[in-house]
1. Amide H of residue 63: which non-local residues (sequence gap of 5 or more, or other chain) have their own amide H closer than 5 Å, using H built in the peptide plane?
2. Could you work out [θ]222 nm for the chain from helices alone, using -39500 (n - 2.57) per DSSP H run of at least four and dividing by all its residues? Round to the nearest 500 deg cm²/dmol.
3. Within the set of other residues whose C-beta is less than 15 Å from the C-beta of residue 106, count the net charge using Lys and Arg as +1 and Asp and Glu as -1.
4. Please list 3J(HN,Hα) in residue order for the stretch 237-253, calculated via the Karplus relation 6.51 cos²θ - 1.76 cosθ + 1.60 where θ = phi - 60°; whole Hz, with x for glycine and proline.
5. For residue 253, what residues show an amide H to amide H distance below 5 Å, using hydrogens built from the backbone and excluding near sequence neighbours?
6. Can you say what percent of the DSSP beta bridges in the chain, counting only those with both residues inside, are antiparallel? Round to 5.
7. Evaluate the relative contact order of the chain (contact order divided by residue number), counting alpha-carbon pairs under 8 angstrom at least 6 apart; express in whole percent.
8. Taking the Cβ of residue 288 as the centre, find all other residues whose Cβ is under 12 Å away and add up their charges (Lys, Arg: +1; Asp, Glu: -1).
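Throughout, read-outs are computed from the coordinates displayed, never taken from laboratory work. These numbers come from a predicted model, not from an experiment. Cβ atoms come from the backbone with ideal geometry, glycine included; neighbour counts cover every protein chain shown.
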Amino acid sequence: MENEFDSVFPKSYVMKGGEGPHSYAQNSTGQKSAIEAAKHHLQNAITKKFDLKAISASSENLICIADLGCSMGPNTFIAIQNIVEAIQLKYQSQNQSTPEILVFFNDQASNDFNTLFQNFPPNRNYFAAGIPGSFYGRLFPKQSLHLVHTSAALSWLSELPKELTDRSCGALNKGRIFYTNAPSEAYDAYQRQFKMDWEAFLQARAQELVDNGIMACLMNVINDIDFKVDLYLGKDFELLGSCPMDMAKLGLIQEEKVDTFNVPLCSLISSNLDLMKILETSEDFSIEQSEVMDNNCFVIPNIEYFVSRLRAVLEVLIENHFGVGIVDELFERFTEKVREFPKIMDVPKLKFHLFFVVLKRKVKA
């Protein structure tokens, strides 16, 4: 019999830990800009949708918040502070004192929680705890959370579709690490996994949130993509993927290793229209607010930062698959390719948007 907690600890996809030059902590200003761009929408949602009666009916003067996919900071602290400030203002507007607040910071078990804990804001006005595990499974007791927040993390799949490495299947993604310009079978496999993951995510949160509890999700979406032009979202993964192929031709790594390596991201799958269809069919949540924002907040200052931000996201994944010996050379080769194709850094020209959606847990019958 399968234990309900087994799904919480699948193979981990985590960001580069520590605070070094290639760490996620030093290379996530784009994600920070997205959180800041969504601040007004998030606080407005709390002002209008956060139900104080739901708090008093479910707890003894305690508000429980979870930030899912927190990584190791500093962006999670910015998001949580935005949430806490909005909650405090709402209670003040009702001439009520704010209950104590407990924040759960969640990420995969192999996440660098040490760096997270070491960088907790010294003057924070909430209690804090770390919760390891995948948010595609249950993480918290039933009806224990009042507010859930997640930013960017839902772009990661729970696992890679198995068809991508099956040589007897048309979805085998040979010679590529992503699904751009891949066979339609590979794209379809990603899309099916994306849908299954979202359904699992909603099912888990439906059990953990109190009645009328809210969930705020921020992610990248794209409505169309044209592979016939020079620049499109996912081109960076194509360019990066050509580097291990070059190394395989030189005998530095095995070609089979390249054929079985795929990036478990769904950033081109998740159009806001497709996502809304999934959300609209949910029996557990109502859609309270949705906003599509432009991507002008993403600014790439130089080649070094462009390369390092991708390295911060993928280094652990690459090392787990190929071993630690190839990372430096792979990204040196990638840097040279970016120098030859600098327009790849022009992020505002890419046809993607930020999508912010607020869901409310329906009252159980």
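1. 100, 101, 102
2. Details: 11 runs with 140 residues, N = 365.
After summing the helix terms and dividing by the residues of the chain, the value is -12000 deg cm²/dmol.
3. Value of the local net charge: -2.
4. 5, 5, 5, 5, x, 5, 5, x, 5, 4, 5, 5, 5, 8, x, 7, 9
5. Counting only residues 5 or more places away or on other chains, the set is 248.
6. Working: 17 of 40 bridges.
DSSP beta bridges in the chain are roughly 45 percent antiparallel.
7. Numbers: 645 pairs, mean separation 80.6, N = 365.
Value for the chain: 22 percent.
8. Details: positive: 48, 49, 360, 361, 362; negative: 51, 291.
Cβ neighbours under 12 Å give a net charge of +3.
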